[in-house]
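The values are calculated or read from the model by the stated rules, or taken from the named source; none is laboratory data. Treat the numbers as computed from the prediction; the structure is a model and nothing was measured. Glycine gets a Cβ as well: all are built from the backbone with ideal geometry, and neighbour counts include every protein chain shown.
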Amino acid sequence: MNGPKTLCPSCEAKKNGSVDITDLVQDMRSRLPQEKQCEDHIYLQRIAACLACKELMLPYTCRVCGCIVYLRAISRDAYCPNSREDGWKNISNQT
């Protein structure tokens, strides 16, 4: 028998009526090893691409995969899930 389902931090915050994306980003950064995080300028470019994307459900959810774009963009190995128009295709992890 499976145990009780738990919500992701964002869903839990939404359920409780308070979502502080800054806290979620800081929590994710504190849990993810530095070498697995992208550079800050890459992160900002990814967020800019997501904010310009027609698949963004405001304020921060990707309609394609349901992720919180501010969290997905942190990982060095993350990719844009929108296969029709990869918004991150011209953003490089190279410094």
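Okay, here's what the table says:
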read-out: Contacts under 9 angstrom Cβ, first residue in the stretch 41-62 being touching a residue at least 12 places away in the same chain (Cβ under 8 Å), partner of a type in the set (Lys, Arg) and crowded, with 18+ Cβ neighbours inside 10 Å, 6 or more apart; value: Arg46/Arg72; Cys50/Arg72; Cys62/Arg72
read-out: Selection count where residues are farther than 17 Å from Leu51 by Cα, in contact (Cβ under 8 Å) with a residue 24 or more places away in the chain and not acidic (Asp, Glu), scope the stretch 66-95; value: 5
read-out: Test: residue in the stretch 28-36 that is in contact with a Lys or Arg (Cβ under 6 Å, 6 or more places away or on another chain) and more than 21 Å from Asn82 (Cα to Cα); value: yes
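Residue-wise test of (1) modelled with pLDDT of 95 or more; (2) in contact with a strand residue (DSSP E or B) (Cβ under 8 Å, 6 or more places away or on another chain); (3) hydrophobic (A, V, I, L, M, F, W, C); (4) in a loop (DSSP other than H, G, I, E, B).
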residue	(1), (2), (3), (4)
His41	yes, no, no, no
Leu51	no, no, yes, no
Pro81	no, yes, no, yes
Asp86	no, no, no, yes
